[in-house]
1. Expected output is a single nm value to one decimal: the length gained when fully extending between residue 105 and residue 164, i.e. 0.36 nm times separation in residues minus the C-alpha distance. What is it?
2. Evaluate the distance, in nm, between pseudo-label points positioned 7 Å from the Cα of residue 324 and of residue 140 along their respective Cα→Cβ axes.
3. Would you please put 211-217, 131-137, 264-270 in order of how densely packed they are, using the mean number of other Cβ atoms within 10 angstrom per residue and starting with the highest?
4. Roughly how many nanometres apart are two label points built 7 Å out from the Cα toward the Cβ at residue 232 and residue 280?
5. Ignoring ligands, DNA and RNA, what percent of the accessible area of region 117-186 is carbon or sulfur (1.4 Å)?
6. Starting from the Cα gyration tensor of region 235-345, multiply each eigenvalue by 5, take the square root, and state the resulting semi-axes largest first in whole Å.
Amino acid sequence: MSNQYVIVPQNYRSDSMVSISPADKRYFEQAQAKQKSPPQQMMFGGYSPSPSLQKSLSTQLSEQNIDDFSRMQKDSDTELVVQYILQLRDADKREQALSELSKKRESFPHLAPLLWHSVGTIAIFLQEIAVVYQHLQPAQLTPAQSSRICSVLGLLQCLALHVQTRSCFLRAHIPLFLYPFLNTSNKSKAFENLRVTSLGVIGALVKGDDPEAINFLMQTEIIPLCLRIMKKGQELSRTVATFIVQKILLDDNGLNYICQTPERFFAVSQVLQTMIDDLHQSQKDDQRLLRHIIRCYLRLSENQKAGEVLKKYLPQVLKDPTQSFIKDEVVKKWHNNLLQNLSIK
């Protein structure tokens, strides 16, 4: 793959995500000391991409292999799908091919392996992503450009979901190329679609509860990026970002990682509190978002150290076991379990 396509995004530090008072920090550290936990590095991430990125992306099969795969598939759409993949190499036909392939994501189960193992396809996807970077700052992304890159991201989501391509996708560090899209704040529809679709790729990685995916993401800056969107994003992007944080918390390593330091714990808990306050004050009936928030709180309460701190910092509105704004029966059960874990009556 040509070097011009390899533009590695910079890591995003979490330092500015949360401001902790000395008293709050001491309170957390006292709870931490009770568990006799060893001191940990107080920061997110510190991850940098492997220099083997190009080599990881260069694993490809010949067109003859695609033909062999197609015959094994024995699907009436296979010939058309392969034709679209080959058309990606033609700049004049690429936009239409991307759109048509994106429509095939759910109906063609072997699309992901065909995309990954076809010659030059992943390099083309990265080229399409790199072209968009110049439109992020200043914000100049048009609806047409947003639609085109969302087709690419939809295909990356297909790769992230498929069991045969997920590990390759991670080893190639492709999620890192999407982080500049998540770091945007422009509220136009073009940028919101870009953020939501990028989050959809990360959501596909965590959806399968794959420890490899969770461990990879914990080494990157995905948590502070998601927290930023949860705090300031629009409805759909906030929901998907909260889902990602929830899935990381549901993993034992993810829960331990977030509860290791006061910076990490308060970064998550303060954003969750802000979201609860927003929902309560606006009286907005967003049960799907509320479901993810309550599940995050419940999972945090299952860590003994974090549970001790949550007794003090749980939003007042959630301390009432009869809260009427929680309508889903499953979420009501989670809420009751949360209060039981925190010994709140």
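The values are calculated or read from the model by the stated rules, or taken from the named source; none is laboratory data. All figures in this text were calculated on a predicted structure; none of them were measured in a lab. Positions of Cβ are generated from backbone atoms using ideal geometry, with glycine treated the same way; all protein chains shown enter the neighbour counts. SASA here: full protein model, heavy atoms, side chains in, ligands and nucleic acids out. Shrake-Rupley method; radii C 1.70, N 1.55, O 1.52, S 1.80 Å.
1. 19.8 nm
2. 5.3
3. Sorting 211-217, 131-137, 264-270 by mean packing, highest first, produces 264-270, 211-217, 131-137.
4. Output for this residue pair reads 2.4 nm.
5. On the way: 1280 of 2380 Å².
Whole-percent figure for carbon plus sulfur exposure: 54.
6. 20, 16, 13
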